[in-house]
Amino acid sequence: MKIGVYSYFIKNQARIFTALVLTGILSVSSGLTLIKDARAASANLSLETSSDVSKDNTKSNRLPRPVANAVLQDLASREGISTRELKITNYNQQTWSNGCLELPQPDEACTEALVSGWRVVVSNGRENWIYHTDSNGRSLRLASANTPSNQLPTSIKNAVLQAASKRLQQPISQLTIVESQQQTWRNGCLELANPDEFCTQALVPGWRVVVSGRQQTLVYHTNQTGSVVRLNQKPNQSTLTPVTIPVSELPPPLDRDVVFRQISSGGFAGTTYETVLLRNGQLIRVRIGDANDSERSVRRVSVQQVRQFLRSLERYKFTQFRNLSYPAPGGAADYITYTLTSQKNTVQYNDISQNNLPSNLQVVVKAWNQITASAQ
């Protein structure tokens, strides 16, 4: 009997021990499973959160549609092409340092205020254009149309105007800077040595500035800062000195569909012709005063030629000659005066002085002559 009880007790202990071992194994396994599930859940949560943040950042840095539309429409209008031919290839948010979006025009006063906006790059596959805009596209400027390196520094402008005002005995308000060009003078006298003056033989970076008054135009040479200003009393006759066209003598602005106009007048016959280039490639020439319109001619160039010509106006900075006239030499007669007008400005010159025009203006004149010569 004792042996039976003892045997039962031993067997029962073994069963209990086995049960405890199995329970422990199951507990450990469950714990590991819970830990694994918890880690997986944590990883999934982390990935989802990261993805949401990335999406939010992408959305906040996306170029607003009004800005994109404004840039594309402005460039399409400038180039005379469809917006479908243009593509925005890059953009980033900017904070411009002034109200001119850091692209001031000559003599423009800019509000000193920070402006949030965008820098946008547009391409047609061959050329790129860079725009500065405000945050909503209501204000935008084409960077490639602006030439910061050629903008006359304020210190030089002030120094030249003060010198001209003193010499002409006219208030600065009645003087106008009609031309300014960067130069590298060959000596310390800015190539304007006085008699018996010794000049240092060193290259001096500076500016050539033309100032127009009521009855006279002056040409000044300066150094890079405006601390040295010299009057060129015998300006090179091979370089024409322009004068500002009075507002009352400016021709009427162009119609919307006209991109360029030439008015030629004078010569032996004294006749006046008007030639206009339309955006669609039509080239129309009429004689002013022809009551029967008998000399009207209508020819055509390709739209691609029109676009190339408009790009030439931008590339060679036609706007820098805004409302300037390059007059004929004194005593000249029977010459033809040409008045060229774009959507932005007017320039006047004559046939006998054409070869002495500024190089950029000569290129524009040549491009226009090619348009008129190739029309059919």
Worksheet item: Considering segment 177-215 alone, what residues qualify as being more than 24 Å from Asn360 (Cα to Cα), within 35 Å of the chain's Cα centre (by Cα) and surrounded by fewer than 13 Cβ atoms within 10 Å (Cβ to Cβ)?
Response: Ala202, Leu203, Arg214, Gln215
Discussion item. Looking at Val364, Val298, Val347, can you tell me which residue is in a helix (DSSP H, G or I) and either among the aliphatic types (A, V, I, L, M) or buried (at least 17 other Cβ atoms within 10 Å of the Cβ) (or both)?
Written reply: Val364
Worksheet item: What do you reckon, is Ser264 of a type in the set (S, T, N, Q), under 20 Å from Pro327 (Cβ atoms), surrounded by 17 or more Cβ atoms within 10 Å (Cβ to Cβ) and touching a residue at least 40 places away in the same chain (Cβ under 8 Å)?
Response: yes
Discussion item. Just the residues that are assigned to a loop (DSSP other than H, G, I, E, B), in contact with a helix residue (DSSP H, G or I) (Cβ under 7 Å, 6 or more places away or on another chain) and closer than 21 Å to Leu250 by Cα, please, taken from segment 330-344.
Written reply: Tyr335, Lys344
Worksheet item: Taking the condition touching a Ser or Thr at 6+ places or on another chain (Cβ under 7 Å), at pLDDT 85 or above and among the aromatic types (Phe, Trp, Tyr), does Tyr338 pass?
Response: yes
Discussion item. Looking at segment 211-223, can you tell me whether even one residue there is out of contact with any Phe, Trp or Tyr (no Cβ under 9 Å at 6 or more places or on another chain), at pLDDT below 90 and part of a helix (DSSP H, G or I)?
Written reply: no
Response to the item:
Going through segment 225-243 in order, the residues found to be of a type in the set (S, T, N, Q) and at pLDDT below 90 are Asn232, Gln233, Asn236, Gln237, Ser238, Thr239, Thr241
Worksheet item: Pick from segment 87-105 the residues that are closer than 24 Å to Lys344 by Cβ and of a type in the set (A, V, I, L, M): which of them is surrounded by the most Cβ atoms within 10 Å (Cβ to Cβ)?
Response: Leu101
Discussion item. Tell me yes or no: at least one residue of segment 313-328 is part of a strand (DSSP E or B), touching a residue at least 12 places away in the same chain (Cβ under 8 Å), closer than 30 Å to Glu179 by Cα and in the same structural domain as Asn369 (by TED's automatic domain parsing).
Written reply: yes
Practice prompt. Assess whether Arg287 counts as being closer than 26 Å to Ser359 by Cα and surrounded by 13 or more Cβ atoms within 10 Å (Cβ to Cβ).
Written response: no
Worksheet item: Within segment 211-232, can you find the residues that are within 13 Å of Thr176 (Cβ to Cβ) and in contact with a strand residue (DSSP E or B) (Cβ under 7 Å, 6 or more places away or on another chain)?
Response: Val211, Ser212, Thr217, Leu218
Discussion item. So if I check each of Ser248, Ser265, Ser227, which one is assigned to a loop (DSSP other than H, G, I, E, B) and hydroxyl-bearing (Ser, Thr, Tyr)?
Written reply: Ser227
Item to complete: Under 8 Å between Cβ atoms, at least 6 apart or on separate chains: pull out the pairs that start in segment 268-280 with a residue that is modelled with pLDDT of 95 or more and end on any residue that is hydroxyl-bearing (Ser, Thr, Tyr).
Response: Thr275/Ser264; Thr275/Thr372
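The values are calculated or read from the model by the stated rules, or taken from the named source; none is laboratory data. Being a predicted model, the structure only gives us computed values, none of them experimental. Quick reminder, even Gly has a Cβ in these numbers, built from the backbone with ideal geometry, and neighbours come from all protein chains shown.
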